[in-house]
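Since the structure comes first, as structure tokens, the remarks are kept for the end.
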Amino acid sequence: MFEHADFFDVKLIFFVRREPCFVGILNRLNQKKQHRPNLYLVGFMGVGKSAIGRKVARELGYRFLDSDHVIEKDQGKRIPELFAEFGEGYFRELEQRFIESGHPEEGCVVSCGGGLVVQEGMKERLREKGVVICLFASVESILERTARNKNRPLLNVPDPAAKVRALLKEREPIYMAAGTCITTTGRSIPEVVRHMVRTYKSCAREFAGK
């Protein structure tokens, strides 16, 4: 009964490809399928980029990457060791390499180190590569979240609170100019995740139209 099914399939595909109405539908389906720009999360250390980013990636069906963790794995050293042995400048070069060629071009939620977007030209580069969302938190929240984490070389100082305030004052204008801003202070993780997914989808449509 179906001995000519293959021939029928070929004829149907040929017909669909030639008819303008079906061509439009196929193009829209292809665009939708390819509509997966990376989401880059930027902001100060301790604002929740990794914790929230993992859940957002799960919601979107994307891969989650943490730039710091990828660099540590590639180098075989923890970030404090890299700072101590080679200096902050070397670490910033590694961050730039990661953004340029160290991760897939789409389908990822990328948690960026706190100083990555501060580098000259980096916020513009991130916006060229995908959607950028900046997370904010109060100084008190940041101090509470980073107090027990020794993998923060910039905060290994006698007065971490003063250091956080100084760095935030310096970096905040850059963070705010990087992309859409979302605060995490006083909000549950599920609430922030829902907000971020909505924001990403809206920004992704704009990104696709560039």
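One residue is enough: does the range 129-145 have a residue meeting the conditions free of Cβ contacts under 8 Å to residues at least 60 places away in the same chain, surrounded by 15 or more Cβ atoms within 10 Å (Cβ to Cβ) and at negative phi?
Within the range 129-145, none of the residues are free of Cβ contacts under 8 Å to residues at least 60 places away in the same chain, surrounded by 15 or more Cβ atoms within 10 Å (Cβ to Cβ) and at negative phi.
Mind counting the residues in the range 81-105 that are surrounded by 15 or more Cβ atoms within 10 Å (Cβ to Cβ) and closer than 16 Å to residue 115 by Cβ?
Total meeting the criteria: 9.
When the residues of the range 158-191 are narrowed to those that are within 15 Å of the chain's Cα centre (by Cα) and among the aliphatic types (A, V, I, L, M), which ends up nearest to residue 137 (Cα to Cα)?
182
Considering every residue within the range 160-183, establish whether at least one is in contact with a Ser or Thr (Cβ under 6 Å, 6 or more places away or on another chain), in a helix (DSSP H, G or I) and surrounded by 12 or more Cβ atoms within 10 Å (Cβ to Cβ).
No, the range 160-183 contains no residue that is in contact with a Ser or Thr (Cβ under 6 Å, 6 or more places away or on another chain), in a helix (DSSP H, G or I) and surrounded by 12 or more Cβ atoms within 10 Å (Cβ to Cβ).
Restricting the range 118-142 to residues that are part of a loop (DSSP other than H, G, I, E, B) and under 22 Å from residue 55 (Cα atoms), which is farthest from the chain's Cα centre (by Cα)?
138
Only one of these is over 25 Å from residue 90 (Cβ atoms) and modelled with pLDDT of 95 or more: 132, 109. Name it.
109
The values are calculated or read from the model by the stated rules, or taken from the named source; none is laboratory data. Fair warning: this is a prediction, and the values are worked out from it, not measured in the lab. Because the Cβ atoms are built from the backbone with ideal geometry, glycine has one as well, and the counts that use them run over all protein chains shown.
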